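For reference, the structure discussed in these notes is given below.
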Amino acid sequence: MEKYYHSVRLDKEKCQGCIHCIQRCPTQAIRVRNGKAIILAARCIDCGECIRVCPHKAKYAERDSIEIIQKFKYKVALPAPSLYGQIANVTDVNLLLNALLAIGFDDVFEVAAAAERISDATKKFLREHPEFSRPVISSACPAIVRLISVLYPNLIDRILPLRSPMEEAGRLAREKAVRETGFAPEEIGVFFITPCPAKITAIRHSQESEKSSIDGAVAINDIYPALVNQLGKLREQSELQHAGRIGISWGMTGGEASGTLSDASMPVDGIENCINVLSEIEDEKLNDIEFVELNACMGGCVGGVLTAENPYIAKSRLKNLRKYLPMALNNIADSPLAAVTAEKRPEEIPALKLADNLKEAMEKMNRLNEILSTFPRLDCGTCGAPSCRALAEDIVRGYTSEQDCIFRIRAELEGAALPKSVEELIPPPFRQKKNTDGGDKK
């Protein structure tokens, strides 16, 4: 397995080196060299922003096709709550769940039902653990968890130590299938219907358990046409819905926070907004907040890059679907918190370290600042790095040279120093000659 597995991938044939992606990546995980993008694996958090903004469709999410379910004797679908808002004129969640059976699944277990259990457990955790540093940060969005591991490792201890609803649903679904069918656990396939690439990565390289309880992930926008086709054909329905308002609300911003029933809970969406809030938490500015729900995508999971519908429309549909439902239909009852506690904690990803040795790291940092002081600080991106600081860091790491800055070349020309070739006058993203990239290519 790759040290840092990622579902977000690059199609080099389609990449035009246009630098849209480097300007949108929240962790500066992308460079452009020799006309092609390069993804730095240690920095990538699989948020999917590069997929969203790439005009050439060169970024994509590696995921499973629906055919993979045929490898198992018994197939269980785990629909994300965000799926419920994807299709027009669906006024009953049960109809959508039965459509999943019609396209080949043997059973459905709602992630919304597991979400209600995690909401109940979160309330219990906040009540029983006043010593846990506030605000407690939600563990539900894997892109946010990885963002913290990369950029804010000091906040790892604030992450809620409970399973994500996806993993809890996978665990419960397999137990239920074994109990009802008699099949061995390995004969049962459990598949998440996902709105985003970060959750695919969380399944294949889990940060909360040694091995995910889920066997694969099918994208919402891949399964969407088949669901729409089946909805018009359904005649008989099984009673499959077992989630209330709280569980369905997890599909959009504010759903998890409202499930805590605390006035001191704060929902946040959009990766830039989440970064700002995490910085404020790190600076001890939000200590009066008890719980923070962070969603990398605008609107919450309905805004994931693997969804099929406009997130605002999907959010409106979710609100209508939950209108006449009971508040919640699932809880952990008298079960101890250990029953829903994650097996392991996220770990720091040392992507920002310049060196393992402190002395060497300080020397490189001083060198970085020296180089940075000679740059124009325009963050134009023509060097193939997202900012002047990122270019200075790449130089210190030995990935590239100061000649990649077009303004440095201009200064040398003004000083009568001629370039070795015309190629050196062309910004690095668009050069044709071989250049050291220093990154993990995908």
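Side notes on the structure shown:
- Yes/no for SER206 being part of a loop (DSSP other than H, G, I, E, B) and modelled with pLDDT under 95: yes
- The set of residues in the range 261-277 being within 22 Å of PRO311 (Cβ to Cβ) and outside any strand (DSSP E or B) consists of GLY270, ILE271, GLU272, ASN273, CYS274, ILE275, ASN276, VAL277.
Here is a yes/no grid of residues against (1) under 19 Å from the mean Cα position of the chain (by Cα); (2) in the same structural domain as ALA80 (by TED's automatic domain parsing); (3) of a type in the set (D, E, K, R); (4) under 24 Å from GLN86 (Cβ atoms):
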residue: ALA115; (1), (2), (3), (4): yes, yes, no, yes
residue: ALA143; (1), (2), (3), (4): yes, no, no, yes
residue: GLU180; (1), (2), (3), (4): no, yes, yes, no
residue: THR194; (1), (2), (3), (4): yes, yes, no, yes
residue: PRO197; (1), (2), (3), (4): yes, yes, no, yes
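- Screening SER258 on (1) surrounded by fewer than 19 Cβ atoms within 10 Å (Cβ to Cβ); (2) more than 24 Å from the chain's Cα centre (by Cα); (3) part of a helix (DSSP H, G or I); (4) not acidic (Asp, Glu) shows it passes everything except condition (2).
- If you check ALA61, ALA37 for being within 19 Å of THR194 (Cα to Cα) and either surrounded by 15 or more Cβ atoms within 10 Å (Cβ to Cβ) or not assigned by TED's automatic domain parsing to the domain that holds ALA198 (or both), only one passes: ALA61.
- Enumeration of residues in the range 121-161 that are aromatic (Phe, Trp, Tyr) and either crowded, with 24+ Cβ neighbours inside 10 Å or outside any helix (DSSP H, G or I) (or both): PHE132, TYR152
- The single condition among (1) closer than 30 Å to LYS319 by Cα; (2) in contact with a strand residue (DSSP E or B) (Cβ under 7 Å, 6 or more places away or on another chain); (3) in a loop (DSSP other than H, G, I, E, B) that ALA77 does not meet is (3).
- Residues located in the range 8-28, provided they are hydrophobic (A, V, I, L, M, F, W, C) and closer than 13 Å to ILE51 by Cα: VAL8, LEU10, CYS15, ILE19, CYS21, ILE22, CYS25
- Each residue in the range 15-34 was checked for being in contact with a Cys (Cβ under 6 Å, 6 or more places away or on another chain) and either surrounded by fewer than 19 Cβ atoms within 10 Å (Cβ to Cβ) or of a type in the set (A, V, I, L, M) (or both), and 2 of them qualify.
- For beta carbons closer than 6 Å, sequence separation of 6+ or different chains, a first residue in the range 45-56 that is in contact (Cβ under 8 Å) with a residue 60 or more places away in the chain and a second that is in a loop (DSSP other than H, G, I, E, B), the qualifying pairs are ILE45/THR27; ASP46/HIS6; ASP46/SER7; CYS47/ALA296; GLY48/CYS196; GLY48/VAL305; ILE51/VAL305; ARG52/VAL305.
The values are calculated or read from the model by the stated rules, or taken from the named source; none is laboratory data. Please read these numbers as outputs of a predicted model, since none were measured by experiment. Cβ sites come from the backbone with ideal geometry, for glycine too, and all protein chains shown count toward neighbours.
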